[in-house]
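Asker: Structure provided below as structure tokens; questions to follow.
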Amino acid sequence: MKSLLQKLTETFSPSGYESAIRDVIRAEVEPLADEISVDALGNLVARKGKGGKKIMIAAHMDEIGLVATHIDANGFVRFTGIGGVYPQMLMGGRVRFANGVPGVMYTEPLDKPTDTPAIEKMFIDVGATSNKNHPIKIGDVAAFERPFLDLGDRVVAKSMDDRIGCYVAIETLRALKKTPHEVYFVFTTQEEVGTRGAGTAAYGLDPEIGIALDVTGWGDTPGRKNFEMYLGKGPAVKIKDGGMLADPRVVDWMIRTAEKAKLPYQREVLLGGTTDARAMQVARTGIPAGCISIPCRYVHSPSEMVDYNDVQNAVKLLTAMLGAPVEL
Amino acid sequence: MTELMPFLKSLLSVPGLSGYETPAMRLIEDAWKPLVNEMRLSRLGSLEALKKGTAAEPRPSILVATHMDAIGMMVTSIKDGFLFMTMVGGVDARVLPGTPVTVHAGASGEDLPGVVVQPPARLLPASIGEGPVPLDQLMVDVGLLMKDVAAKVRVGDLVSYATEPQEFAGDIIVGHSLDNRASVAALTVALNELQGKTHAWDVWAVATAQEEVTLGGAITSAFGIHPDLAVAVDVTFAKGPGANDWQTHGLGKGASIGFGPNIHPYLFKQFKELAEKLEIPHEVDVMPRMSGTDAYGMQIAAEGIPTIVISIPLRYMHTPVEMVAVKDIQRAGRLLAEFITRLEPDFINKITWDE
Amino acid sequence: MAETTPKIGNSQIKLLEKLCNAIGVSGDEGEVRKIVLEEVKPHADDVKVDALGNVLVTRSGSSKDRVRVMLDAHMDEVGFMIVGDDGDGIFRFELVGGLDVRQLVGKPVVVGKNKVPGVIGARPIHLTTTEERQRKIPLDQLKIDVGPGAAGKVKVGDRATFGSTFKRVGPSIMSKAIDDRIGVATLIELLKFAPPNVDLCLSFAVQEEIGLRGAKVAAHYFNPDMAIALDSTPANDLPTHDGEENIFYNTKLGAGPAIYTFDAGTLNDPRLIRFLAQVGDEARIPYQFRQPGGGGTDAGSIHRSRAGIPTVSVSVPHRYTHTAYSLSRLDDWKHTLALLHTALTKITPALLAEERR
């Protein structure tokens, strides 16, 4: 099923402009879900089961991207980032705008060649020579252009954050023949700019439990310290991140299920960043929330890497959790 | 009737870190049980206790929020029997070296005594020099053999301050987690005072969860209870060594009444006038921007709630040796109770904007 | 014959002047609120002041299939709060909202509900060292001085703001607090000419400058089908120091209302962005796209309230944001009013029938 993952990760959909990926995911989940809807912020909601405990699964569809801020007299596109975009990841890279126009990124000369460029000094060259009849206008958005790469156990793509979560949600929906719960698989929008879609979706659905599916960082490449997280040692059960403390009851539920099903898992205490789980936790009267994370190297670069075994184990874990009754 | 000092000391002797408030919650539940009509836990773990009023239904209600969670640390990795940590809430790493802590070991279920240690300079990055050692370089030593530590402690286990509460001369209490267990005690004083008195309004006493991280407990309880008025009781900075500017208030000089954008000016006026009338010592705590309390979240719950902040001056905030004057706790409790008993059924209609 | 479209004339400019000269620092918007209440009451079906002090106005349309449209403008402005009394009429103060302390030195201010005049002074140049003059004067060295005679008229907790007053200068206006009294004035005109196809929900919001707080509860209260946040945004259309092309102008004065696509708080609804641009093109009303980037408006909290609300922001540009004198062009204001009024008349349920894309 790596072909589905390839399709998901190669689809263009920066935050706020998720319609392309929504169409791809909708086509996948339509035959699997009992009911499909799209809400005001563009979240795609696929329900499975009816009448049991209301559980919201959130995987965000959006990816980081760029947006044009100015077309200068010589046709160069100035831009800023959508979400956590790091300039050192951009130099020489390629992007594609929503209207299909490709471009390459570079920077004004740096004081020292070893400096990190500031995003304000960078530009996208789309091959234009003036701002007359330019194919791009202020406000047009772009995303990384980078093909999917299959390294065997390890797979690499742009937007693995968080199409891998979407993939886990889709495959769980496929594997989940029956559930005693009323499960809402929500493919959320605008996570990268502040978990916005998940917050409003949680308000609208008012679930009893919330589980986010997202990537986490890694500790297993040269020089990385104080973060115990390895590719291939199993999906991670989030205990804490930069924005929240996962509900201990949800943590217990995940670990209990993993141990019973003899699935590998890792305990995650992430120092920075957060996920849709935080937005769910504080919605309405509060929602016990946690997150199943996929360890991912080089997050927010155009080459995000995960271990496919972790992904499959995440699907097994979530399927086992949703397939049986639960009392927190 | 709950005895203030033993109750407060018991609260200062349990962890109850943000997200893991149960140990504190149990003590509060026991203390409040005889003082209220109903109790329940919110979905995020806030303890919501209702003391019913006498007005006709639909009865107006006031929510008094005191957060019960405490700051602390969490284990991020284990190396050669030493534990590395991250913070839960805001901890200044400079207070940690040499601090006694309790490691709540998840694999064995034991509470392990330990101490935060600062590695010798030669083992640290040269750039640190004589400067403060950052949290990611500090470790906890629990005195056990490497293999025992590995068997007992897991990533994600909590580490809490282990300093014992102490009474000082002049009615002073010292200990960790006085932020904000001092306010929980003040609310308990208020509930005590309300026994045998009539009050028209329903009173929701809420010990909120996760204030130090997201204000999540207060945000969600205010949404769920949907009160007509909300009060956040929290601690504020007491004057003391290194703390003497406009944000500080005299230790033992009374409760502070908040003033600023998170506070409804009419409520401020009512509380101030009441404190003056009853000769309850108090100061005004100006908060030009966000109040840094549960009020910040409660004020904008749903379509908005008139909110106020009452605070208790505290020295050395977020260190293991926080200090509070017990009489300030009693004054805050009494002020709350007196305000509540005076709430007339139609008070909400009298709230105006003074203009 | 009665007017059917709103215009900016002398009476509208007079109202804007009154609004700009009022003190309404975040959390203390009373003086502005009073003006707004007077202006909206004759034209509204319902007026409410909520728990935070927002003025919430409803006016229902009359046609079938109406759309519930929230329009928001914030009443508050950046300013100061008095936090300490040093005696002799000298007071310490804190900033409320995003102010640059370099803009404060040597400025007249007004303090409190009684508008006590004061100044923020500076040490005489004779007493400063060369080295000292290389550094900016930090906030804790700045004081508000109302003179010894007025010492008793100011108290800790009072709000203060710039003492500058509204001016007309050729095609422009200069004033403090154009951000966002110009939005407030525009909303009042739109209310008077509310078209029948919409139920108008007007939020004159508090506390925008300290976290978009008023608009959050206003949006929850109204629960509209869609929302437009009307604000005022910087125009940094000045020459650059090196003569290179200015690529960070944000907006340009004279180029019409600024439609937002992306800012720190909001990814504006693409359906509403396209709609406003189409209205402008068809009615030949000039408009511009604000440069995507930081900053934000009340849209940031409105679109995230409840289960999500399709929202877009439109701003009248102004130069010199959050200073004693901002500067705007009357033509930009006129075109903003025209664009919004025309847009309101063209809103139908079909606009939001398709999903966001």
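The values are calculated or read from the model by the stated rules, or taken from the named source; none is laboratory data. Because the structure is predicted, anything quoted here is derived from the model rather than measured. Virtual Cβ from ideal backbone geometry, glycine too; neighbours counted across all protein chains shown.
Asker: Which ranges mark the strands (runs of 3 or more DSSP E) fully within region B:64-180 that have 3 or more residues being more than 30 Å from residue B:252 (Cα to Cα)?
Answerer: B:72-79, B:82-88, B:100-104, B:111-117, B:139-141
Asker: At pLDDT 95 or above, farther than 16 Å from residue A:170 by Cβ and touching an Asp or Glu at 6+ places or on another chain (Cβ under 6 Å), is that true of residue A:299?
Answerer: So residue A:299 passes the test.
Asker: Residue pairs, Cβ under 9 Å, 6 or more apart or interchain, first in region C:139-154 and surrounded by 14 or more Cβ atoms within 10 Å (Cβ to Cβ), second part of a helix (DSSP H, G or I) and among the charged types (D, E, K, R). List them.
Answerer: C:146/C:153
Asker: What number of residues within region B:244-265 satisfy the criterion of being more than 10 Å from chain C (Cβ to nearest Cβ) and surrounded by fewer than 16 Cβ atoms within 10 Å (Cβ to Cβ)?
Answerer: Of the residues in that region, 2 qualify.
Asker: Restricting the search to region C:31-57, which residues are more than 10 Å from every other protein chain (Cβ to nearest Cβ) and among the small types (Gly, Ala, Ser)?
Answerer: Matches in region C:31-57: C:44 only.
Asker: Can you find, within region C:209-246, the residue that is farthest from the other protein chains (Cβ to nearest Cβ) among those that are part of a helix (DSSP H, G or I) and more than 20 Å from the chain's Cα centre (by Cα)?
Answerer: Step by step, filter region C:209-246, then rank; the result is C:222.
Asker: To continue, here is another question. Which ones in region C:306-328 are in contact with a strand residue (DSSP E or B) (Cβ under 6 Å, 6 or more places away or on another chain), more than 18 Å from residue C:69 (Cβ to Cβ) and part of a loop (DSSP other than H, G, I, E, B)?
Answerer: C:320, C:321, C:324, C:325
Asker: Can you find even one residue in region A:32-50 that is surrounded by fewer than 24 Cβ atoms within 10 Å (Cβ to Cβ), of a type in the set (Gly, Ala, Ser), over 17 Å from residue A:120 (Cα atoms) and away from chain C (no Cβ under 14 Å)?
Answerer: Scanning region A:32-50 turns up at least one residue that is surrounded by fewer than 24 Cβ atoms within 10 Å (Cβ to Cβ), of a type in the set (Gly, Ala, Ser), over 17 Å from residue A:120 (Cα atoms) and away from chain C (no Cβ under 14 Å).
Asker: Considering only region A:253-271, state which residues are exposed (fewer than 15 other Cβ atoms within 10 Å of the Cβ) and in contact (Cβ under 8 Å) with a residue 60 or more places away in the chain.
Answerer: Once the filter is applied, which keeps residues that are exposed (fewer than 15 other Cβ atoms within 10 Å of the Cβ) and in contact (Cβ under 8 Å) with a residue 60 or more places away in the chain, region A:253-271 yields only A:260.
Residue by residue, here is whether (1) touching a Leu at 6+ places or on another chain (Cβ under 9 Å); (2) within 14 Å of chain B (Cβ to nearest Cβ); (3) among the hydroxyl-bearing types (Ser, Thr, Tyr); (4) under 16 Å from residue A:234 (Cβ atoms) holds:
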position	(1), (2), (3), (4)
A:273	no, yes, no, no
A:284	no, yes, no, no
A:290	no, yes, no, yes
A:294	yes, no, no, yes
A:312	no, no, no, yes
A:325	no, no, no, no
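Asker: Turning to a different aspect of this structure: What are the pairs, 6+ residues apart or on separate chains, where a residue within region C:210-226 that is closer than 21 Å to residue C:79 by Cβ and of a type in the set (Gly, Ala, Ser) has its Cβ under 9 Å from a residue that is modelled with pLDDT of 95 or more and part of a helix (DSSP H, G or I)?
Answerer: Once the first residue is closer than 21 Å to residue C:79 by Cβ and of a type in the set (Gly, Ala, Ser) and sits in region C:210-226, its partners that are modelled with pLDDT of 95 or more and part of a helix (DSSP H, G or I) give C:211/B:296; C:211/C:301; C:214/C:301; C:215/C:299; C:215/C:300; C:215/C:301; C:215/C:302.
Asker: Scan region A:81-100 for residues that are facing chain C (nearest Cβ under 10 Å) and free of Cβ contacts under 8 Å to residues at least 40 places away in the same chain and jot them down.
Answerer: Selection gives A:81 alone.
Asker: Right, next: Which residue is nearest to residue C:96 (Cα to Cα), if the candidates are limited to region C:1-33 and must be polar (S, T, N, Q) and in contact with a helix residue (DSSP H, G or I) (Cβ under 7 Å, 6 or more places away or on another chain)?
Answerer: Top of the filtered list is C:12.
Asker: Moving on. Pick from A:32, A:5, A:66: which is in a loop (DSSP other than H, G, I, E, B) and modelled with pLDDT of 95 or more?
Answerer: A:32
Asker: Checking residue C:3 against (1) assigned to a loop (DSSP other than H, G, I, E, B); (2) modelled with pLDDT of 95 or more; (3) of a type in the set (D, E, K, R), which single condition isn't satisfied?
Answerer: Only one criterion in (1) assigned to a loop (DSSP other than H, G, I, E, B); (2) modelled with pLDDT of 95 or more; (3) of a type in the set (D, E, K, R) is unmet by residue C:3, namely (2).
Asker: Of everything in region C:288-305, what is assigned to a loop (DSSP other than H, G, I, E, B) and either more than 7 Å from every other protein chain (Cβ to nearest Cβ) or crowded, with 20+ Cβ neighbours inside 10 Å (or both)? Give them in sequence order.
Answerer: The answer is C:290, C:291, C:292, C:294, C:295, C:296, C:297, C:298, C:303, C:304, C:305.
Asker: Right, here's the next one. Could you tell me whether any residue of region C:330-353 is of a type in the set (Ser, Thr, Tyr), at pLDDT 95 or above and in contact with a Lys or Arg (Cβ under 9 Å, 6 or more places away or on another chain)?
Answerer: Narrowing region C:330-353 to residues of a type in the set (Ser, Thr, Tyr): C:336, C:342, C:345, C:348.
Subset that is at pLDDT 95 or above: C:336, C:342, C:345, C:348.
So of that shortlist, the ones also in contact with a Lys or Arg (Cβ under 9 Å, 6 or more places away or on another chain) come out as none.
No, the conditions are met nowhere in region C:330-353.
Asker: May I ask you to say which residue of B:304, B:333 is touching a helix residue (DSSP H, G or I) at 6+ places or on another chain (Cβ under 8 Å), among the small types (Gly, Ala, Ser), at pLDDT 95 or above and within 19 Å of residue B:218 (Cα to Cα)?
Answerer: B:304
Asker: Any residue that is aromatic (Phe, Trp, Tyr) and over 18 Å from residue B:188 (Cα atoms) - is there at least one of those in region B:11-22?
Answerer: Yes, because at least one residue in region B:11-22 is aromatic (Phe, Trp, Tyr) and over 18 Å from residue B:188 (Cα atoms).
Asker: OK, next. Just for strands (runs of 3 or more DSSP E) wholly inside region A:164-267: which have at least 1 residues that are farther than 30 Å from residue C:305 by Cβ?
Answerer: Those strands (runs of 3 or more DSSP E) span A:236-240.
Asker: Identify the residue in region B:37-53 that is out of contact with any Phe, Trp or Tyr (no Cβ under 9 Å at 6 or more places or on another chain) and assigned to a loop (DSSP other than H, G, I, E, B) and, among all such residues, is surrounded by the fewest Cβ atoms within 10 Å (Cβ to Cβ).
Answerer: The initial filter retains those residues of region B:37-53 that are out of contact with any Phe, Trp or Tyr (no Cβ under 9 Å at 6 or more places or on another chain), namely B:37-38, B:40-44, B:46, B:52.
Next, from what is left, pick out any that are assigned to a loop (DSSP other than H, G, I, E, B): B:37, B:42-44, B:46, B:52.
Values: B:37: 10, B:42: 20, B:43: 20, B:44: 26, B:46: 31, B:52: 14.
So the residue we want is B:37.
Asker: Here's a follow-up. Is there a residue being among the aromatic types (Phe, Trp, Tyr) and touching a strand residue (DSSP E or B) at 6+ places or on another chain (Cβ under 9 Å) anywhere in region A:80-87? If you could, list the steps in order and put the result at the bottom.
Answerer: Quick first cut of region A:80-87, residues among the aromatic types (Phe, Trp, Tyr) only: A:86.
Applying the additional criterion that residues be touching a strand residue (DSSP E or B) at 6+ places or on another chain (Cβ under 9 Å) yields none.
No, because not a single residue in region A:80-87 is among the aromatic types (Phe, Trp, Tyr) and touching a strand residue (DSSP E or B) at 6+ places or on another chain (Cβ under 9 Å).
Asker: Residues of region C:165-215 being over 22 Å from residue C:45 (Cα atoms) and of a type in the set (Lys, Arg), which ones?
Answerer: Residues satisfying the conditions are C:167, C:168, C:176, C:181, C:213.
Asker: Hey, another quick one. Specify which of the listed residues (B:106, B:98) is surrounded by fewer than 22 Cβ atoms within 10 Å (Cβ to Cβ), within 13 Å of chain A (Cβ to nearest Cβ) and small (Gly, Ala, Ser).
Answerer: That would be B:106, the only listed residue that is surrounded by fewer than 22 Cβ atoms within 10 Å (Cβ to Cβ), within 13 Å of chain A (Cβ to nearest Cβ) and small (Gly, Ala, Ser).
Asker: Another question, then. Looking at (1) touching a strand residue (DSSP E or B) at 6+ places or on another chain (Cβ under 9 Å); (2) away from chain A (no Cβ under 14 Å); (3) farther than 26 Å from residue C:62 by Cα; (4) not aromatic (Phe, Trp, Tyr), can you tell me which one residue C:339 breaks?
Answerer: All conditions are met except number (3).
Asker: Among the residues in region B:215-236, are any surrounded by 24 or more Cβ atoms within 10 Å (Cβ to Cβ), within 12 Å of chain C (Cβ to nearest Cβ), under 30 Å from residue C:308 (Cβ atoms) and free of Cβ contacts under 8 Å to residues at least 40 places away in the same chain?
Answerer: Looking through region B:215-236, none of the residues is surrounded by 24 or more Cβ atoms within 10 Å (Cβ to Cβ), within 12 Å of chain C (Cβ to nearest Cβ), under 30 Å from residue C:308 (Cβ atoms) and free of Cβ contacts under 8 Å to residues at least 40 places away in the same chain.
Asker: Any idea which of (1) more than 13 Å from chain C (Cβ to nearest Cβ); (2) out of contact with any Leu (no Cβ under 8 Å at 6 or more places or on another chain); (3) modelled with pLDDT of 95 or more is the one residue B:313 doesn't satisfy?
Answerer: (2)
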